[in-house]
Amino acid sequence: MSRDADDIAEPDQLEGTLHPREQFAFFGHKEGEEAFLEGLRSGRLHHAWLIGGPQGIGKATLAYRVARTVLDPRKSNDSGLQSLDVAREANVARQVAALSHPNLAILRRAPATDKKAASSTIPVDAVRRALGMFGSTSADGGYRVCIVDSAEDLTTASANALLKVIEEPPPRSIFLIVSHAPQRVLPTIRSRCRRLLLRPLDAAAIKSAIASLGAPWSDMPAEVVDQAMSFGEGSVRRTLELLDADKVAFISQITDILDRLPRAEAKQILALAESLARKDADDDYDLTLETVQRWVSGRLHERADLGPSRLAPLVEVCDKIARSAREIDIFNLDRRPFILTLFDDLADAVRRTA
């Protein structure tokens, strides 16, 4: 963990943005930050936190803010602490950014190297090596911090290895577990964590976050930003990914077809299926599936008062789409019949839930 941060290709870092460990601007989530401040001020900071919420809203950024603060002895012992801000030029901030602080362990997928692609999981051996730090005395008698980013990347074996340390934590140890789907985290880990749910950001926070990134993000036309935010679901990352007029127009086209179900024009759906079957249409295909998922989720939320039995057809077709999409990817099947069936099934589900 001593390599310079600039030399590391992060597995899931959005190109052109800072990694959360290098990010010092922070927007929204005041209640979440205050929860940590209260624990530090009282001297009763819980030893394990499950920081949950949608991807791209600042969960990892908050975890690194907490890490910098508790690894600074002057701040972690300040009973009047009012902020988690740590100066960028502070020694602890530089060490965290470089992944070189002796009291910090990071559990994440291994970044790519010249010879190997980025790993798809956090293996148990990596967890055991990182957590070996907790078996010795802290370098300066202060806190030791472990950040898991993210829990979804843990295997069953690596999650159980983490659990063993969380169950019997050494004194002044903090575990910050980032999760995009906290309900899926190992129940035995959840039960030992204080759960902190971060909610999607409002428009003002997202605009401030984009402005803080500088060019080219901050130079995007206001109308493109507004359109991207309308599909971004309160996520800075998702909004940044959609800061493209062509992408937003494509999402609007798919959404218009979905909104017309069950009376959408067959010609439109057939033309879409033909275009998505091309070999160069991977990005549009992925965007279509994401848009369908978001549309179904929104419809389920809007009609929640109808009850589970009435909404069951939409839930079932959503599950079917996910299964079929996995089969398409695994066996490299023709996408055309899948797309046609997808819209037929959705049309039938809409009729049944009307």
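Summary table below
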{"quantity": "Peptides 15-21, 304-310, 345-351 ordered by average Cβ neighbours within 10 Å, highest first", "calculated": "345-351, 15-21, 304-310"}
{"quantity": "Helix-derived mean residue ellipticity, 222 nm - over the chain, DSSP H n ≥ 4, -39500 (n - 2.57), to 500", "calculated": "-15500 deg cm²/dmol"}
{"quantity": "Whole-Å distance, taken between Cα centres, linking the stretch 301-354 and the stretch 200-224", "calculated": "33 Å"}
{"quantity": "In the stretch 31-91, the GluC sites (Glu not before Pro) that fall in loop regions by DSSP, at most 10 other Cβ within 10 Å", "calculated": "Glu89"}
{"quantity": "Among Arg238, Arg184, Arg94: highest mean-square fluctuation, GNM of the chain, C-alpha pairs under 10 Å", "calculated": "Arg184"}
{"quantity": "Cα-derived Rg to Rh of the stretch 128-183, Kirkwood definition", "calculated": "0.98"}
{"quantity": "Using a Förster distance of 45 Å, the FRET efficiency for Asp125-Arg260 (Cβ separation, nearest 0.05)", "calculated": "0.30"}
{"quantity": "Cα convex hull volume per residue for the chain (Å³)", "calculated": "164 Å³"}
{"quantity": "Filter on Lys59/Lys279; Lys59/Lys320; Lys267/Lys320; Lys115/Lys247 - keep pairs with C-alpha separation over 26 Å", "calculated": "Lys59/Lys279; Lys59/Lys320; Lys115/Lys247"}
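Values in this text are rule-based calculations from the coordinates and carry no lab data. Treat the numbers as computed from the prediction; the structure is a model and nothing was measured. We place every Cβ from the backbone using ideal geometry, glycine too, and count neighbours over all the protein chains shown.
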